Amino acid sequence: MGGVGKTELATQYAQQHEADYPGGICWLPARESNLANGIVQFFLLRMEQEVLKEFKEIRSELNLQKQVEWCWQHWEPSEGLVLVVLDDVTDLGSCREILPTVKRFHVLVTTRQRHLDSNVFELPLDVLSLKEAFELLTTLEGEGRMQQEPETAEELCKWLGCLPLGLELVGRYLKKDPDLSLAEMLERLEAQRLQDEALDPSEQQMQQTFSTAARGVRAAFELSWRELAPISQLVGQLLSLFKPTVIPWELVTFSSDTQLLNWANTDIKLAKQQLYSLYLIQRLEEREACYEIHHLIREFLQYKVAASEQANARKATFLLAIKAYYQKLAGEMLEQNLNEIEERLAEEFEQLEFSERWRHPREMDRLVDFDEITVTVDSVKIIKKSIIDNIDDEYSQFKYELSSEIVFTPDGSYLDLDMCYRDPDDGELVFLNTITEVGEQQTGIVTAKVDIAFDANDPLDANEVEVEFVELVDAPTEVKIEPVDIKMSFDFEE
């Protein structure tokens, strides 16, 4: 990955261990140069006159590879360890035949590629911890603003993804403007993203420092971008639009399998290999086939989406694939939680307030209410599921409507007319007892609405998925309970 400090670490090593290499240190840029010719030119600049004279006499008789071999064989001083640094190697194959084979030469390679060769000891570099990033930016900005605005300082480090190059560029920019607050700097970055001049300085500005960083963040990422095959670039753009930081690779294969993007499986495998090899995606060790993208890499890939000539159409296609993937996950999650939802439906239904009224057999002008009608749910069966809407544009929340058939038994009580008297003071009837009446089993159709919300940072973590019972609608609130016939007749005394 660009910007993690590979060149700076190699420089620090060479400086601190200079005494360990009495034979000298040979530093060669390997990305956009002819290494063989670079080795010869380095040799011509530092060798003694007698050796140079001998070399010039035979040089015309040797091809370039033989010239390189001759230079290594006649390296001066003739004794002592020599450090050869190949900075930013893109293809080890182009370097293999011109590297020295004598043990006195130690070769240090910096590269953006993962697993360059099985015979090479690899020291992978990652971004800094938040604490390390805070300390580095504190040293770079030098005005005490980190201590004055500690919370904003942490947010700034997080926005930069603790990437050393981003921290260095922003720290250097803050150093030049002591009146610029961290809050203002963060607000600018959030608005202008990678195009802000703090992260995207000109080549001339970069040359006016002693920093080993030769490029801005966007330019550093651009070098890796150019190494990607076209299909890998497209897949990278797709992943940048996927909301969570945890990205299941199933998303890409699903998009291909459903022909939403019409990508061949072989192309998708190539894309994953290239993106992973160049550190543009990171594999999560604790999660099978899941990846994440560094915040600034994601910003860069989204910039590529926006800069495309087919930006709108491409983004629409990508988002359609993402929506279909999320909807598939939501449907699976709904099925997994149906038993729990049915239990919730039963609980909610039994808590509803039901009513039933019947006419007094002797006083036809008066209605008598059942008292505290309750129901007992005997069974719940979901008979229809339909998606109502996707709640947000990022496709992490869905609303479903469920139709359920509920079989229930009502239970209520009515006033016992055999056990009553009229109060002599106010003339009101006073009932001393009620009669419980259990109705016949009945069936009602209930409509419920359910939300399925995925954790924005991890859509595959089942523990983080919320299946929320939203509301119960279209539920019957009146039930039929036929009261017993009252055959007795009696008079009320005044």
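For the reader, a short list of remarks on this structure follows.
- A probe of 1.4 angstrom, applied to the heavy atoms of all protein chains, finds H295 with accessible area near 60 square angstrom.
- A Förster distance of 41 Å, applied to the separation of the beta-carbon atoms of L123 and A311, puts the FRET efficiency at 0.60.
- The accessible surface of the range 1-56, taken with every protein chain in place and a 1.4 Å probe, is 49 percent carbon and sulfur.
- Rounded to the nearest Hz, the phi-derived 3J(HN,Hα) couplings of the range 337-346 under the Karplus curve 6.51 cos²θ - 1.76 cosθ + 1.60 (θ = phi - 60°) are 10, 4, 4, 5, 5, 4, 5, 5, 4, 4, where x marks glycine and proline.
- Probe 1.4 Å, protein heavy atoms only - accessible area per residue of the range 61-156 in square angstrom: 58 Å²
- In straight-distance terms, cross-link reach from K315 covers every one of the lysines whose alpha-carbon lies under 27 Å from its own, apart from those fewer than eight places away in the same chain; here that gives K158, K243, K269, K272, K304, K323, K328, K399.
- The residues of the range 397-446 have, on average, 52 Å² of accessible surface per residue, using a 1.4 Å probe with all protein chains present.
- Whole-Hz Karplus values for the range 64-81 come out as 4, 5, 5, 4, 4, 4, 5, 4, 5, 5, 10, 5, 10, x, 7, 10, x, 5 Hz, taken residue by residue from phi with 6.51 cos²θ - 1.76 cosθ + 1.60 and θ = phi - 60°; glycine and proline positions read x.
- Full extension of the chain between E57 and D378 yields a length gain of 105.3 nm, computed as 0.36 nm times the residue separation minus the alpha carbon distance.
- Residues whose amide H comes within less than 5 Å of that of S379, counting only those at least five positions distant or on another chain, are V407 (H built at 1.01 Å from N in the peptide plane).
- Stretched out straight at 0.36 nm per residue, the stretch from R46 to E286 would grow longer than its current Cα-Cα span by 81.3 nm.
- Extension gain for the segment I435 to D423, taken as residue separation times 0.36 nm less the Cα-Cα distance, is 2.2 nm to one decimal.
- The lysine pair count for the range 1-145, using Cα distances under 24 Å and pairs eight or more places apart or on different chains, is 4.
- Using a probe radius of 1.4 angstrom, the carbon and sulfur fraction of the accessible surface of the range 65-170 is 51%.
- Loop trypsin sites (Lys or Arg not before Pro), the range 240-338, which have at most 16 other Cβ atoms in a 10 Å radius of their Cβ (DSSP): R287
- When the solvent-accessible area of the range 275-352 is split by element, carbon and sulfur atoms take up 43 percent of it, the probe being 1.4 Å.
- Site pair R96 and A19 shows an inter-label distance of 3.9 nm when each label is modelled 7 Å from Cα along Cα→Cβ.
- Accessible area per residue was computed with a 1.4 Å probe on protein heavy atoms; V4 scores about 20 Å².
The values are calculated or read from the model by the stated rules, or taken from the named source; none is laboratory data. The shown structure was predicted, so the numbers you read here are calculated from the model rather than taken from an experiment. Neighbour counts run over all protein chains shown; Cβ positions are idealised from the backbone, glycine included. Only protein heavy atoms, including side chains, enter the accessible area calculation; ligands, DNA and RNA are left aside. Shrake-Rupley method; radii C 1.70, N 1.55, O 1.52, S 1.80 Å.
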